[in-house]
Amino acid sequence: MNEPVGFIGLGLMGGPMAINVLKAGNRLRVFNRSPEKVVPLTELSAHACRTPAEVAEAGGIVVTMIADDAVLEQVTFGKDGFASRLGKGGIHLSMSTVSAETSRSLAARHRELGADYVAAPVFGRPNAAQAAKLWICQSGAAAAKQRVRPLLDAMGQGVYDFGEEVGAANIAKLAGNFMIAAALEAMAEAYTLAEKNGLDRRALSDFLTQTIFSAPVYANYGGIVAAKQADWIGFVLRLALKDLDLVRAAAASSNVPMPFANVVHDRLLSAIAKGRGEEDWTAFTQGAVEDAGLPLREQG
């Protein structure tokens with residue numbers, strides 16, 4: 001594939017994703033609001049742009065990996081947005097975690113300009129993005145999905161299709177994020193129960209994640225929750241709260257009670273109130289430890 005591709009959003013996830021797109025042989029134009037994050041891409045031959053609009057080439061593809069709905073709308077249709085320049089025959093490949101309603105709205109506005117919109121949110125932390133091992137959901141028009149498939153293959157280890165209704169992949173992503181958050185809360189409560197009764201948290205985590213809870217989410221996060229801290233930031237906690245707000249909004253709009261989502265939301269809100277908003281999102285599990293009157297760091 002040698003498409004003219006633009007990429008907007010070069011954060012913890014977007015940066016390594018864009019590098020993999022570039023390594024796949026695509027001509028790449030990039031934009032990020034923090035210019036220093038563009039440097040690793042320009043060192044690999046990407047062209048740095050001053051505005052989102054400059055990223056697009058007529059009839060090409062623009063990939064966005066943006067933190068929230070409002071900013072995604074701004075870089076697409078706001079002042080210096082890329083949509084009008086992308087135009088007829090173009091595709092907006094949106095890989096952010098945003099609401100289904102935002103995707104539907106953007107898709108409708110793109111259609112007025114003759115362009116397509118594909119929703120393709122991803123599962124995986126930055127190390128998975130770097131290794132091109134993301135799991136990708138997608139939804140949108142069949143022809144557009146076929147055209148962007150080489151890009152998705154360059155970034156991920158598997159693509160799962162949820163049909164042509166453009167918001168479907170976003171709902172799948174929100175459902176998955178909720179399930180991960182609920183698993184984190186469950187592990188936090190279980191390991192805290194064990195610790196309060198004299199068991200070693202790490203030993204319990206090792207046992208469970210090597211036997212009856214050997215799924216990737218438990219195995220990848222179990223050690224972090226058992227240790228009560230992450231060694232590095234893979235996903236910022238304040239953004240996790242944003243995602244749980246999207247989950248609860250989707251549930252409310254479709255009359256779906258989600259009591260566990262409310263529990264996790266309140267844990268995240270409490271963590272932000274305690275100054276943990278810029279930490280890894282697993283820091284919200286420290287709430288279970290605090291409620292039990294246990295120390296937040298291992299004593300040694």
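The values are calculated or read from the model by the stated rules, or taken from the named source; none is laboratory data. All figures in this text were calculated on a predicted structure; none of them were measured in a lab. Reconstructed Cβ throughout: ideal geometry from the backbone, glycine too, with neighbour counts over all protein chains shown. Calculation scope for accessible area: heavy atoms of the full protein, side chains included, ligands and nucleic acids excluded. Shrake-Rupley method; radii C 1.70, N 1.55, O 1.52, S 1.80 Å.
Things worth noting here:
Yes or no, residue by residue, for (1) open to solvent by 10 Å² or more (accessible area, probe 1.4 Å); (2) touching an Asp or Glu at 6+ places or on another chain (Cβ under 8 Å); (3) of a type in the set (A, V, I, L, M); (4) part of a loop (DSSP other than H, G, I, E, B):
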residue	(1), (2), (3), (4)
ALA252	yes, no, yes, no
PRO257	yes, no, no, yes
ALA283	no, no, yes, no
GLY293	yes, no, no, yes
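- Of the set (1) assigned to a loop (DSSP other than H, G, I, E, B); (2) without any contact (Cβ under 8 Å) to a residue 24 or more places away in the chain; (3) not β-branched (Val, Ile, Thr), all apply to GLY89 but (2).
- Answer from GLY87, GLY15 - the residue that is modelled with pLDDT under 95, open to solvent by less than 50 Å² (accessible area, probe 1.4 Å) and not basic (Lys, Arg): GLY87
- All positions within the stretch 43-82 that are open to solvent by 50 Å² or more (accessible area, probe 1.4 Å) and either farther than 30 Å from ARG238 by Cα or of a type in the set (S, T, N, Q) (or both): GLU43, LEU44, SER45, HIS47, GLU57, ALA58, GLN74
Let's see how each residue does on (1) of a type outside the set (Lys, Arg); (2) under 24 Å from ALA120 (Cβ atoms); (3) outside any helix (DSSP H, G or I):
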position	(1), (2), (3)
LYS173	no, yes, no
GLY176	yes, yes, no
MET187	yes, no, no
THR192	yes, no, no
TYR218	yes, no, no
GLN229	yes, no, yes
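- Residue-level analysis places VAL166 outside the set of residues that are in contact (Cβ under 8 Å) with a residue 60 or more places away in the chain, buried (at least 16 other Cβ atoms within 10 Å of the Cβ), more than 23 Å from LEU268 (Cα to Cα) and out of contact with any Ser or Thr (no Cβ under 8 Å at 6 or more places or on another chain).
- Single residue of the stretch 1-12 satisfying the filter (modelled with pLDDT of 95 or more and either on the phi > 0 side of the Ramachandran plot or assigned to a strand (DSSP E or B) (or both)) that is surrounded by the fewest Cβ atoms within 10 Å (Cβ to Cβ): GLY9
- Search result, residues across the stretch 208-219 that are surrounded by 14 or more Cβ atoms within 10 Å (Cβ to Cβ) and farther than 19 Å from ASP280 by Cβ: LEU208, PHE213
- Restricting the stretch 22-73 to residues that are basic (Lys, Arg) and closer than 25 Å to ASP243 by Cβ, the residue that is modelled with the highest pLDDT: LYS37
- Flag if LEU199 is within 27 Å of SER94 (Cα to Cα) and of a type outside the set (Ser, Thr, Tyr): no
- GLY222 being of a type in the set (Gly, Ala, Ser), modelled with pLDDT under 95 and open to solvent by less than 30 Å² (accessible area, probe 1.4 Å): no
- Answer from SER214, SER205 - the residue that is without any contact (Cβ under 8 Å) to a residue 60 or more places away in the chain, assigned to a helix (DSSP H, G or I) and of a type in the set (Ser, Thr, Tyr): SER205
- Qualifying residue in the stretch 231-243 (condition: of a type in the set (Phe, Trp, Tyr), within 19 Å of the chain's Cα centre (by Cα) and open to solvent by 30 Å² or more (accessible area, probe 1.4 Å)): yes
- Contact map, the stretch 239-250: first residue closer than 15 Å to VAL71 by Cα, second residue open to solvent by 30 Å² or more (accessible area, probe 1.4 Å), Cβ cut-off under 8 Å, separation 6 or more or different chains; pairs are LEU239/ALA67; LEU239/ASP68; LYS242/ALA67; LYS242/ASP68.
- Within the stretch 45-76, tally of residues that are in contact (Cβ under 8 Å) with a residue 24 or more places away in the chain and in a strand (DSSP E or B): 4
- On inspection, ALA108 does not qualify as closer than 22 Å to PRO16 by Cβ and part of a helix (DSSP H, G or I).
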